[in-house]
1. At q = 0.14, 0.15, 0.20, 0.22 Å⁻¹, work out log10 I(q)/I(0) for the stretch 309-350 with the Debye formula, treating every Cα as an identical point scatterer and leaving solvent out; two decimals please.
2. Where the centroid of each part is defined by its Cα atoms, how far is the stretch 316-341 from the stretch 105-171 in Å?
3. How far apart, in nanometres, would the label points at residue 334 and residue 165 be if each is projected 7 angstrom from Cα along the Cα-to-Cβ direction?
4. Among 353, 305, 148, flag the residue with its Cα farthest along the positive direction of the charge dipole of the chain, charges on Cβ as +1 for Lys/Arg and -1 for Asp/Glu.
5. Please list log₁₀ I(q)/I(0) at q = 0.07, 0.12 Å⁻¹ for the chain, using the Debye equation with identical point scatterers on the alpha-carbon positions.
6. Which FRET efficiency value, to the nearest 0.05, is calculated for residue 231 and residue 38 with the Förster distance at 41 angstrom and r the Cβ-Cβ distance?
7. Using +1 on the beta carbon of Lys and Arg, -1 on that of Asp and Glu, and nothing else charged, what's the dipole of the chain about the Cα centre, debye to 20?
8. Please name whichever of 112, 97, 280 sits farthest to the positive end of the charge dipole of the chain, dipole taken about the Cα centre and charges placed at Cβ: Lys and Arg +1, Asp and Glu -1.
Amino acid sequence: MKKIMLTGGGTAGHVTPNLALIPSLKERGYEIRYVGSYQGIEKKLIEGAGIPYEGIASGKLRRYFDLKNFSDPFRVMKGYVQALKILKTYRPDVVFSKGGFVAVPVVLAAKHYKIPAIIHESDITPGLANKLCIPSAKKVCCNFPETLPYLPKEKAVLTGSPIRAELLTGSRLSGLKFTHLSPDRPIILVIGGSLGSVKVNTAVRSILSRILETFQVVHICGKEHLDDSLIGTPGYVQYEYVDKPLKHLFAAADIVISRAGANSICELLALRKPNLLIPLSAAASRGDQILNAKSFQKQGFSAVLEEEALTDDTLYQAIQDLYHSRQTYIQSMEQSALNNGVETIISLIESLV
């Protein structure tokens with residue numbers, strides 16, 4: 001039986017593309033195992049999918065001063081030793097990494113044993129973890145044409161992001177039943193990433209009364225970000241996190257307000273959902289979400305409102321403009337060739353086994 005080791009973690013964005021590959025890998029007869037951190041979000045998601053899971057030590061390599069910078073290198077070295085042991089025991093034919101710092105020791109260990117590794121970079125510019133992995137990888141997959149100049153030409157493959165097939169099977173009726181919202185008024189789905197976004201949450205709630213004059217709102221606000229004062233507000237429902245019913249919420253939504261994480265926006269592309277992106281500011285990140293958002297805006301897939309321009313009035317106007325122009329965005333998304341990278345990535349995996 002062919003064997004594959006999947007890895008990646010830290011956020012849901014480093015896990016969900018791996019989950020998207022699993023059904024196709026099983027269809028092709030692969031035995032699958034996963035390496036992640038001890039208690040990261042990936043552990044719960046992967047074990048929930050019934051895949052054997054191995055935890056290793058993980059440390060973050062930061063570009064800024066932090067006391068953990070003195071201890072985390074030792075955790076990374078420990079993780080590398082653990083990854084060597086796991087790969088020696090399991091002996092996979094290939095490793096696929098979705099990134100995050102927990103993946104670095106796994107990819108380096110694969111190189112030690114001459115096991116081919118494929119890595120996937122979601123954002124336009126490679127993050128530090130993937131930069132460390134690229135020299136050890138056989139192939140580097142990416143979502144955006146703008147990423148190709150940052151990668152070794154002989155390794156780079158434009159694949160798009162693998163999308164979970166089940167996400168494409170949502171039912172509007174099931175979404176309405178889950179939320180108890182009306183079928184007669186348009187619905188905005190607000191989603192701020194797996195950890196939620198305080199700024200997006202605050203911005204939407206500050207104009208909620210204005211929004212609810214026209215729309216209904218489904219708000220996935222992140223863990224510990226529920227607003228108890230809004231419970232029971234007609235036309236407004238909020239959830240910390242939604243897993244299996246998410247496909248139905250997407251199906252019920254007429255437009256989506258989202259952060260601009262690469263996996264999230266690729267899902268919106270595959271679902272043909274008109275969307276307003278509010279990327280994480282450069283002050284709070286390395287600016288990758290801004291680049292992602294601008295790429296999608298340029299291709300006609302998304303409207304963009306940067307945090308620096310986010311006010312009650314600009315947000316309200318952007319929502320109105322998006323809704324009234326929604327068909328134009330849908331038409332642009334229908335013309336895209338990068339809707340789902342599952343088959344392309346599976347073909348790469350097969351070519352290296």
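Read-outs throughout are calculated quantities, based only on the coordinates presented, and are distinct from any laboratory measurement. As the structure is a computational prediction, the values presented were derived from the model and not from experiment. Ideal geometry is used to build each Cβ from the backbone, glycine not excepted, and the neighbour counts take in all protein chains shown.
1. -0.56, -0.60, -0.72, -0.76
2. If you average the Cα positions of each part, the centres end up 26 Å apart.
3. For residue 334 paired with residue 165, the spin-label model returns 2.5 nm.
4. Farthest towards the positive end: 353.
5. -0.30, -0.87
6. According to the calculation, E is roughly 0.75.
7. Roughly 1480 debye, rounded to the nearest 20.
8. 112
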